Structures are given as C-alpha cells and as structure tokens.
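The structure appears right after this line, and notes come after that.
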C-alpha cells in the first residue's frame, strides 16, 4: 500500500489509519498521502485481493466441472463474455446517466455476470456430448468463443465512442487503476459468499472426478451440480471482469498450485485458491504499478508472462491423459 | 424383495441392445452374468443402475421402480462398478475409495467411514497403495481399489454388522437392510490370486446379506463362486440357473460359437469349462 508514485512509509500508513480512527500517533504524514491511501490505495488493494480470489476460485469451479486442470474461464470465453456484458452494461449506465453511481456499478457487474453465464452455457453445450465433456473440444471451442466475443466487445467499444466504456486493452488485459469503493463493496458481496458455496460443493466435485455416471451412482444430481457450479464460476468471472477486466492465467495457475499445497479435495482447493489468488494478484498489482513507474503496466501482461509457460508445462505433463 | 429387470428392451437407432431380458438378484446371492462381447451385459448393468431408461419393461429395486427412487436413497441401496477407471486430478487411492462413502457422510468422512475403507483396502490387498496417486496405479490395482470403493458404498462396519440392527452412532446414516452390488467385470484385469481374493470378498458380502450381480467372462470363476449364472447372447437371456445347469457344452458352444469342453472339476463340485482351439472364425 506504500508503494507507488506517492511514497507512503509503513509507519505513515499506520498513522493515517490511526488518525482516521481519531487516535494520535508519533508519526506525521501529509494530506496528499492520506487522500492517496484512503481513496486510492486501500480500495485498490482490497479490490485486487477480491478479484484474485474470484479468478482463482472460478478456475477451481470450472476445472472441477470439466474434470481438467487446463480450464481457465479467462481464456475460454467466459471472461470475454463477461467483458462484452460489462461493456454493454457500461454503455447502458452511461445512457441512463448513472455510470458513476452505485446503480451503474451494479448494472455493469450484473450484465457482466449474465453474459458470462451465457458464454458458459454455450461452451458447455459445444464441449459436452451426451453428458461427457471432451477436453480438447472445450479448449478449441473456448478459444474460438473467446476471440469471437472479444471481437464483439471491440465492436461495441468502437460504436460507443465513449471514454467511459474503457479501452480494448483494459477489458482484455485488465487493470486496477480505476477501482472505486463501490467496486470493493460489490466484489465483496459476491465473491465471499460464492467462494463459500463453491467450497460446499467440494465433495460433489471430488466425486465428479470419477466421471459423470459414477457421480450419479453416488447419489449426486449431476445436472444440478453442473448448473450450480456454472452459475458460481460465471458469477465470480463476471464480477472480476466488471471490476478490472480480463486477467488471464490466474484461474489456471492458482488452483494447480493450491492442489500441490493443500491436496486434491475441492473444498480445501477452493479455500487455498482464494487465499493464494488474493495474495498473488496483490503482489502482481504492486509490480504492475512500480516496475515502470510512473507508467502502469496492465496486470494481465504480468500474469500472462508467467501463466502461458505454466499452461504449456501443464499440457506437456498431461499429454498422455489428453490423448485418451 | 429383489433387484429385478422384467422384460427389459433397449433399442438405439436400428440396434437392439437388450431384447426382453429378465433377471433378478436377491439378498445373499451372487449372480454371474456371462456371454460374448456385445451380448448386452453392460447395457443391462446400465439399465439396472438407472443410467439408462428401458424402452420396454421395468427395473425394480425392492418392488419400486428404480427411476422412482430418490438419488440418495438409491445410492444407499446399490453400488455400481463400471469399467471406466479414469479419475481426473491426482487423488490418492485412499481418497478415491473414500468417495464411495459419500452417500453416507455427505462430504465429511467419519471414523466409521475411514475404518470401513481401511478394512476394505486390506481386503483387496491395496492397503500399501493407499497414499499412491490413483491414476499412476496399474490397471489391476485400480480395479481392486474401484472394487473396494463400490463395496464400501453399501458396506457396514464390522461393529455395525455385529450389532445387527442395533443403534448406530448419532451422526451416522443407517443403511437399509436390502443392498446390492452391480459390478461390470470386476475381475477382468486381475491375476489368478487376486481374482479369487475378489470373489471371496464378494462371497463374504453376500453372506452379510448383500445381493451381488457381476458380469464375469471367466466361466470357471463364475462356476466356483456364483449361486446362479445368467447366460446372455444378442441382447437376450439365453439361460439362467445353477452353474451345473447353465455350464453345458452344447449351450456354451451355441452361445460362444467355439468348441467347449465341460468336465467335472477333479476335486471340487462344480464343472470345469475349457474353450478348445479352433481354426474357424468365431462368427457363423
């Protein structure tokens, strides 16, 4: 929170927080430092942590449903769908004159979630044959879907000709530069309950790893599980995109690291991924802000630089499984 | 009180997978289903399990249509072992076996569940593999762990079995008395010692009151352990009865289309079946 164009020492952060609470402290700080910390840095760190947790757990849900560690909603069209929805929602909010208000933020997040859900439904329909998911089809269909939806988003942005809509780079590479307190509130209200509900589906996702019909033999309503988990990862993806655009590979990397850390059972993987995702993205955002300061790097550039080789490594490792 | 298929037919496109097939398995007995490839054995398991709807006929468990049982109630009454051994992610053998207890614990395995799994992994000679990643096990090892998982789903702890209808601990689900195992080729990848180990385990489950239906290609294994053998061909049940009634050379030759030698076992009471070498192709 101290790192950035306006430097704030850890002691000064403590002093500002204490000062806000009406308490005296031995450290002094400037008014500029106080404004930067409370209006920009704290919301930004909180939003970054929530979005990191959202992407990571969206990945857990999608991977559990598709029974593969290679699923990333940001790469396979769910994120692109959410971006299209968010862009349309922003256009709607601008037209209604509520873009800067809480109602505007809710409209943007809601349309992002709705569009993410439509994208998830399309992908599942294409990638599953009589209840069985084919991983190679999912990857190909997801990437094509993603490109198509990104093209539609670019079309909406070009037709909208409004600075509020944001740039193609914002939606496709992500940034926390414009985060507000309203974003934090919406993200917290969605992400925390969604992670808890997803973790509760953990044992059922574990059984799904045995196969769709095997899970059914264990008394699981697989159709219902599919709908619940799709809803959850679309919700998480939609809100993450509405706040900070599409940030690729977080949802791919974090669950894999979490499995190595806490074991395979999905309940633990969901919790561990939420923590790891939040931490990783906060660190990545600090790097994005400070590496070429004062110029800010898109956070998706950093996650892609690390995540793309990681994806290829996963492909290499699981080559034998994919060939089946 | 049985698990029964009554005049079941399944057609897909122009193909008839099952044609007016009937069979039943009751508590305490092992029924082996045998027949050539494509005879409809796996389809029959699928229909009994409730995965497939029969075009005609009915499938009943305890007098009630399988489709009418709530999922969880059904899962507490019958376990299914399919021939699919793929498991996504690096779950250990122990974790995979524990999934069999999901209908009982709903996500938080109790000590009782762990005890059942521990005992069964010993019983299938896989205790030493418990911490290994399931996907890295050999075909036969995965088959044994899968068998333990299926049995665990409908198995009592030794304590609970001894109490015989006594009170179970508060947090634990009491399984109904009538329970079944539907097993599709449970021994196909096992060496002879483990084949007999698996069949003795199934015999023990039958003695504890479970009804066991197993697709078996090894007719001698069926002869040694099954109470009844159901012989299938082209979607139909061709014969059904005790091993001595069904394992007749003429019947087997007409079903399997290969010369069969059936002789009395030198020192056991059941017949011994040997498919004889032939130069003619196995189709007419």
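Just so it is clear, none of the values below were taken in a lab; they were calculated from the coordinates. As the structure is a prediction and not an experimental result, all values here were calculated from the model.
List of remarks:
- Share, in percent, of DSSP beta bridges within chain B that are antiparallel, nearest 5: 60 percent
- Antiparallel bridge percentage (DSSP; both residues within the protein assembly as shown; nearest 5): 60 percent
- With Cα atoms, 0 to 90° folded angle of helix A:42-66 axis to chain A main axis: 0 degrees
- Alpha carbon centroid spacing (whole Å) that separates segment B:206-284 from segment A:120-199: 58 Å
- Each part reduced to its alpha carbon centroid, segment A:303-319 and segment A:227-245 end up 23 Å apart.
- With respect to chain A, whose longest principal axis is taken over its alpha-carbon atoms, helix A:250-262 is tilted by about 80°.
- Axis of helix B:192-207 versus longest Cα principal axis of chain B: the two differ by about 70°, to the nearest ten degrees.
- Segment A:42-56-segment B:22-44 distance, computed between alpha-carbon centres (Å): 56 Å
- Helices in the protein assembly as shown, meaning DSSP H runs of at least 4 residues, each add -39500 (n - 2.57). Divided by all residues, the mean residue ellipticity at 222 nm is -17000 deg cm²/dmol.
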